[in-house]
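Structure first, then comments.
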Amino acid sequence: MKVLKFGGTSVADAKNINRVIDIILENKRDTVVVVSALGGITDNLIKLATLASKGDMGYKTLFSSICERHNQIIRDLIKPKEKEKILREINIKYKELEEVIENIFTTKELSLSALDAAMSFGEQLSVYIISEAIKNRNILCEFTDARTLIKTDDKFGSANVDIEKSYKIISNYFKNKKNLSIMGGFIASTQKGITTTLSRGGSDYTAALIGAALNVSTIEIWTDVDGLMTADPKKMKDALLIPEISYSEAEEMAYSGAKVIHPKTIKPAVLKGIPIYIKNTFNPKGVGTKISNEKENRK
Ligand code: ADP
Ligand code: ASP
Ligand code: MG
């Protein structure tokens, strides 16, 4: 069994989502897929909530553009016969988001829990659309709300996961699952069911939690660069790919700002000895980076 996680750029538009589905198709047996919000949407949701909290009516235009971006993907990817139904379903989600934002507008207060509620719609919307796009390519696929599987405390914005409880729920949930499963990363909930988030970039962490709970063979983080590099390749043209690295070195790089992998991702994997691969959605044949203790053990 494997976990495949796709980041924001990988699922930013219809063309990229089709690439992602191609990669999923190569792995579809015994796979759990974790997806981020469409690239840029989490930032937009924060902006949306912030505008509303300041009483700025400009939030309405931003709200419409967020909905339109998702609708465009539905129009691009879903067969005409299904399209109306899916647009109707997604409208229910837009209404829920609108309620969260209108509440912020009315109270002029942006609490961390309200911000988590707003941000969670990025993954709630993306997972629904991507699961429908997968079905549209004739693959059986079930989507799960990650908030029912990952339980946290109420440290909104960067919640602490109740590992034992979450692993139990996750392993029970997947016991009899036969089809491809997909869920949003980043989002979770408290024992009382209130939405929380795992901190920015936290979908990688979700993938590691699911992988560790299910004792998978590999956790794959699919992103927009070839792997973990000696420096941020967007800033340093001569950054080099690191094909193999230990958990502790990768963790140190992540804590020092290599945002290609969220720092909390390493611990669940190392405790179960599961290798993490970082791969490029736009260069799937590339070797990527393998994070494990193999190299150290060879010494
Ligand atoms: P995703 O949306 O797929 O999770 P992120 O934007 O979170 O992707 O992380 C990928 C980005 O991390 C790359 O586009 C790159 O600019 C940046 N990055 C920063 N440091 C590094 C590094 N040392 N190696 C690779 N990428 C890095
Ligand atoms: N969508 C969230 C963010 O932008 C989580 C993630 O992408 O990993 O921070
Ligand atoms: Mg990321």
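Brief remarks on what is shown
- Projected over all directions and averaged, the alpha-carbon convex hull of the stretch 195-266 occupies 5.5 nm².
- You can think of it this way: the chain between I194 and Q72 has 40.9 nm of extra reach, that is 0.36 nm per residue less the Cα-Cα gap.
- The stretch 179-263: trypsin sites (Lys or Arg not before Pro) falling in loop per DSSP and having at most 14 other Cβ within 10 Å: K192, K234, K235, K237, K259
- For the stretch 189-257 versus the stretch 40-69, the gap between their alpha-carbon centres in whole angstrom: 28 Å
- Whole-angstrom gap from the stretch 115-179 to the stretch 10-25, using each part's C-alpha centre: 19 Å
- Sparsely packed trypsin sites (Lys or Arg not before Pro) within the stretch 1-39, loop by DSSP, other Cβ within 10 Å at most 14: R29
- Residue among S120, S256, S248 with the largest mean-square fluctuation in a Gaussian network model of the chain, springs linking Cα atoms under 10 Å: S256
- Given K235/K299; K178/K272; K15/K290; K259/K299; K151/K264, the pairs whose alpha carbons are separated by over 25 Å: K235/K299; K15/K290; K259/K299
- Based on DSSP H segments of at least four residues, each scored -39500 (n - 2.57), the chain has a per-residue ellipticity at 222 nm of -15500 deg cm²/dmol.
- Förster radius 22 Å - calculated FRET efficiency between K235 and N27 (Cβ-Cβ, nearest 0.05): 0.10
- When Rg and the Kirkwood Rh are both derived from Cα coordinates, the Rg/Rh ratio for the chain amounts to 0.96.
- Applying 1/(1 + (r/R0)^6) with R0 = 25 Å to the Cβ-Cβ distance of I169 and E249 gives a FRET efficiency near 0.20.
- Modelled FRET efficiency - R0 35 Å, N160 with K81, Cβ distances, 0.05 increments: 0.20
- The stretch 141-200: radius of gyration and largest Cα-Cα distance (Dmax), Å: 11.6, 34
- Label zone at N179, where the point sits 7 Å out along the Cα-to-Cβ direction: the stretch 94-136 residues whose backbone N lies under 20 Å: 124-136
- Extension gain, K267 back to T50 (0.36 nm per residue minus Cα-Cα distance, nm): 74.8 nm
- Over all Cα atoms in the stretch 34-139, the spread is summed up by Rg and Dmax: 14.3, 46 Å.
- In order along the stretch 120-137, the phi-based Karplus estimate (6.51 cos²θ - 1.76 cosθ + 1.60, θ = phi - 60°) of 3J(HN,Hα) comes to 4, 5, x, 6, 4, 6, 5, 5, 5, 5, 5, 5, 5, 5, 5, 4, 4, 9 Hz; Gly and Pro are listed as x.
- Antiparallel bridge percentage (DSSP; both residues within the chain; nearest 5): 25 percent
- Compared with the alpha-carbon gap, the fully stretched path from N215 to M57 is longer by 52.1 nm at 0.36 nm per residue.
- Placing a label point 7 Å from the Cα of K299 along the Cα-to-Cβ direction, the residues of the stretch 229-269 whose backbone N falls under 17 Å from that point are 243-253.
All of the numbers you see were taken from the coordinates with simple rules; none came from a lab. From a predicted model like this one, the values you see are computed outputs, not experimental measurements. Cβ sites come from the backbone with ideal geometry, for glycine too, and all protein chains shown count toward neighbours.
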